[in-house]
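Bear in mind that the values in this text are calculations on the coordinates, not laboratory data. Remember, predicted model here, so these are calculated numbers, not experimental data. All Cβ positions, even for glycine, are placed from backbone atoms using ideal geometry, and neighbour counts span all protein chains on display.
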Amino acid sequence: MPGLGRAALALALVLLLYAAVVGGYAAWKGRRRLLESAQSALMAAFGATAVATAVLFLALAFNDFSFRYAWEHTSRDLPVIYRISSLWGGQEGSLLLWMLVLTLTAAAAVAFNRKLVTGVLPWATPIFGAIGAFFAIVLVFVSTPFATQALPPDGLGLNPSLQNAYMAAHPPLLYLGYVGLTVPFVFAMAALVSRRVDERWIVATRRWTLFAWAALGFGILLGAKWAYEEVGWGGWYAWDPVENAALMPWLVATAYLHSVMIQEKKNMLRVWNVILISLTFSLALFGTFLTRSGVLNSIHSFAESSIGSWFLGFIAVVTLGSTVLIVSRLPSLRARAKLESMLSREAAFLYNNLFLVALALTVLWGVAWPLVSEAVRGVAVTVGAPYYDFFAIIFGLPIVLLMGIAPFIAWRRSSWRALARQVAAPAGVAVVAGVLLAIGGAASSVPALVGYTFSAFVLAAIVSEFARGTKARHTNGRSWASAFTGLVGRNRRRYGGYIVHASIVLLLIGAAGVGAFSSSKLVQLAPGDDVSVKGYTLTYLGVEQGHTQNATEVRALLAVSRGGNDKGTISAGRNRYFAEDQTSNEIGLRTDWLRGEDLFVIADRFDPDGTVFVQVIVNPLVNLIWLAGIVFVLGSLITLWPDAREQRRIAERLEALATFRSGPAGRIADRQVAPTTR
Amino acid sequence: MSTVAFVLAALLGFVCIVVVAWPYLRSHERDDGLDALDAAEAEQLALLEARDRAIAALQELEIDHREGKITDADYRVLVNQLRSEAAASIATIDAARVEPPSKPAKPDGPASQDTGDS
């Protein structure tokens, strides 16, 4: 039923335009029912988009190849899970998913914030409507997922590299992140339009921002896991422009999450925060543009792309519009409070902001430079990993160091003496760890040794913060367990944040392990030959062949031993997919949790004489990267968990305001009652 | 478009129209103004927030002092400053409860009588 899908999308477009135009008029004129009608249009737009998505989903699930999109991205033999994930395997489906998440988020954000930001909310509705309308226009007029054709016997299948469980989860998480970051952007713009530039819009959108940021961060890590297992070059992050596309908004959003705390606590950095959230949203759009416009292949494929110029135009409108709005509101954005000391928690957050934004802009330059060069000079250039690695170290290490120092610095002002006393123990731990690691051989890579020393410092600082807080509560008569849970429960944002910091440290340790200390060997093996890498001996046993639902498999089977002990077998090879008529590398992976390392095998050339080219890689500490993902989610959940005391505080404040609003009448009633009660 | 698709699309369109028109179908109240804060109410809310901010800052200062992150001398200066801020907010809130500073007075309503009384 492509007709129903097309009609639902057209309806969604009309509803979103209604929300934008009528909502804007209602906000301007202060018309309540008209505004409620515009807000209802946002909800109805979600319903219509959900119907359109369901139509496409059913076509994919039931192999209706009269839908061109289903024909291009599925086949009869494709396993069900990948038929479902093919919904976001192509451009039109991805954009539809963007719009579905956006309309849902917009409707929910408006519905849940009715009481919190009364002055700002009216303007959020038309801005949400305008952003949604852009995606609806693209889907209705430029890149429709409901194009039809004469029914072919089978589909073309899904790109083999996308037939991976991590790829089934990675894109939706990125979209949740990108789209979720729309919420703080929209409320920031609405606050500027309505001139309600206090911190209320920040409080109202805090959890949305945290959720979006966590989803984006976890999505990036799932993408890295996919690259590690599916792309099969032995690494986990290659500074690929598509990877960087998601990293840039995440870095700026991280800076924003820190700097808004200063606005909440001291009403400072108002201009900086709206700049950060505008930049975050623009980078999220830029990321979608990069991955969907074809611009990364070449400028020429961008020119041929149906949506590239649309996205570029929209990014220009968003950037220009938000800049004009910020500049026009500068007088009311200026804060009265000032930074009291350069040695304070807020100053430390500011330094962290500068490093994070500098890193994001450096990555942006690395992504943009090849595009600019090709467009202006006609010369295609590439910016390689050394460029990114250099700046990741230059800006990343100070960020890590600040993660360890900042918790020891008091808000408003601190003293060098107090700070020195606080950091003495963690610094001692770091120095001891650094010396031991240097003796153990880690000095072969100075950046890694510095990274590990800083990591030890941060971990010691985090442990010290937890220990000190728990001890303080324990001395008040609570059990250790109750003191610990109470500490985290009453300060979720702070201690959840520390857990997130710990995850970043784990990531750093893992990344440094893979980057500086992995070992690799490429050899041609005949049956019976063996190869040794870092204590592992692999003996080539021969070739195995098999088949799955939609592919044939060729595998080189290798016996693994270590120190004379048999460790089983490992196999690596290639898959040949029938419908797609493509091959993919399938790596062999053996994880040793005790040693904290991976044995990683690539076999990508099978010769007729029975020999095979095998690359064996030993990746130390790589699993800490994946463990970091789990810790990151845990920390984010703690930070996100609703705080009953905060809800109570807001409710009390609204109650006090309601009392104030009914004040004169109430006082009159009091006065009339007073004589009789005396 | 097939007949079934057409009927379903028409049904979807009808439901959407009802949803959008619902605020008008549901309520016939004459008051159609937005529930916005006037200047006095906005000021009151800002004061309530400033009070809560000052109290939260005091609590954080206590924790920082207890954990040795701030010297006694700095603590004394800051605690006095924050207490003054909190006290000032509370005093202004209390005063505003008695006499709203810029609430529009109705000529013959209770607001003007009350304002005169306080």
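So here's what we get for this one:
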item	result
Extended-chain gain in nm, criterion 0.36 nm per residue less alpha-carbon gap, A:Ile394 and A:Ala50	119.3 nm
For A:Thr569, distant residues with modelled amide H under 5 Å away	A:Val560
Modelled FRET efficiency - R0 51 Å, A:Ala238 with B:Glu62, Cβ distances, 0.05 increments	0.55
Value of Rg/Rh across the stretch A:1-80 [Cα atoms, Kirkwood radius]	1.22
Around A:Ala526: net Lys/Arg minus Asp/Glu count, Cβ-Cβ under 15 Å	-3
The stretch A:130-147 - phi-based ³J(HN,Hα) in whole Hz, Karplus 6.51/-1.76/1.60, Gly and Pro as x	5, 5, x, 5, 4, 5, 5, 4, 4, 6, 7, 9, 10, 9, 7, x, 10, 5
Residue list for the stretch A:79-112, given a label point 7 angstrom along the Cα-to-Cβ vector of A:Asp154 and an amide N cut-off under 16 Å	A:79-80, A:83
Distant-in-sequence amide H partners of B:Leu34 (H built 1.01 Å from N, under 5 Å)	A:Arg32
For the stretch A:94-218, the spread of Cα positions along each principal axis, largest first, Å	59, 32, 19
Rg ratio (alpha-carbon, reference 2.2 N^0.38 Å) - the stretch A:345-418	1.54
Mean shadow area of the stretch A:127-195 over all directions, Cα convex hull, nm²	6.9 nm²
Diffusion coefficient, µm² s⁻¹, Stokes-Einstein with Kirkwood Rh over alpha-carbon pairs of the stretch A:519-621 at 25 °C and 0.890 mPa s	175 µm²/s
Coarse-grained scattering of the stretch B:21-67 at q = 0.29, 0.32 Å⁻¹, given as base-10 log I(q)/I(0) from a Debye sum over alpha-carbon atoms	-0.98, -1.06
Neighbour-count ranking [beta-carbon atoms within 10 angstrom, fewest first] of A:Ser94, A:Ser309	A:Ser309, A:Ser94
FRET E, pair B:Ala95, A:Leu325, Förster distance 35 Å, beta-carbon r, rounded to 0.05	0.45
For chain A, the longest site-free run once chymotrypsin sites (Phe, Trp or Tyr not before Pro) in DSSP loop states with at most 16 other Cβ atoms within 10 Å are removed	A:234-577
Helix-only mean residue ellipticity at 222 nm for chain A, each DSSP H run of n ≥ 4 adding -39500 (n - 2.57), per residue, nearest 500	-22000 deg cm²/dmol
log10 of Debye I(q)/I(0), alpha-carbon scatterers only, for the stretch A:483-562 at 0.11, 0.17, 0.21, 0.22 Å⁻¹	-0.63, -0.83, -0.99, -1.02
Separation between Cα centres of the stretch B:5-34 and the stretch A:55-85, rounded to whole Å	34 Å
Over 22 Å [Cα-Cα, the stretch A:1-159], rounded percent	44 percent
Mean projected area (nm²) of the alpha-carbon convex hull when chain A is viewed from all directions	38.4 nm²
Karplus 3J(HN,Hα) series, Hz, for the stretch A:467-476 with 6.51 cos²θ - 1.76 cosθ + 1.60 (x for Gly, Pro)	5, 5, x, 5, 4, 4, 6, 5, 5, 7
Förster-model FRET efficiency, 60 Å R0, A:Val379 and B:His28, C-beta, rounded to 0.05	0.30
Inter-probe distance in nm under a simple model that places probes 7 Å from Cα toward Cβ, at B:Ala36 and A:Ala147	4.7 nm
Cα-only radius of gyration and Dmax that characterise the stretch A:415-512, units Å	15.7, 50
